Amino acid sequence: LRKIDIFFYQLPLDSYSSIDGTMQQAMMLQIPVIYYGPDAPKELIEHGISGFIAASEDEMKVYAKLLAEDESLRKRIGSNAKDRIIKEFSFGLTVELYSQLYQSLSEPHELNKVAVSYKMIWLYRKIKYFTYRILTIPFKIWERIG
């Protein structure tokens, strides 16, 4: 990734895709991204600010030419991309949001008044530990070197 100036990312429109780590890596390295494909990965990009979302393969070429001809635009988009990933999609934030979700699932719900079982609380603690300990370590290292 460190050897390229523009990151093209295309997925088949009929495929299922979640937010993609490959695109996040490029953005963390301040490489402007041009994306074309299904909706989920589009969440990473603010069109024209932290990357480009193409509506067609031909539009990918238009954005590629724009970025290839304007070094300052490439640098600005790349810098904005890194800032966006750190502020909006960092593992620390992701872990916090999942932790809140798991915590809410382990608390008794007001509508049904069903007591939370010991097993559910145990599961919550295991998931929280896994999410924080296992998933954050690589990203913390990545944030330091990126």
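A few comments on the model shown:
- Cα shape, segment 1-83, gyration tensor, a/c 1.5 rule: oblate
- Cross-link pairs exceeding 19 Å in C-alpha to C-alpha distance, out of 3/75; 61/87; 42/82; 42/87, comprise 61/87.
- Pairwise FRET efficiency - residue 22 versus residue 58, Cβ, R0 = 35 Å, nearest 0.05: 0.90
- Were the residues from residue 76 through residue 98 laid out at 0.36 nm apart, the gain over their Cα-Cα distance would be 4.8 nm.
- Rounded if a/c under 1.5, otherwise prolate or oblate - segment 41-93, Cα gyration tensor axes: oblate
Read-outs: derived from the displayed coordinates by stated rules, not from any lab. The structure presented is a predicted model; accordingly, all values stated were derived computationally and were not measured. Every residue, glycine among them, receives a Cβ derived from its backbone with ideal geometry; neighbour counts consider all protein chains shown.
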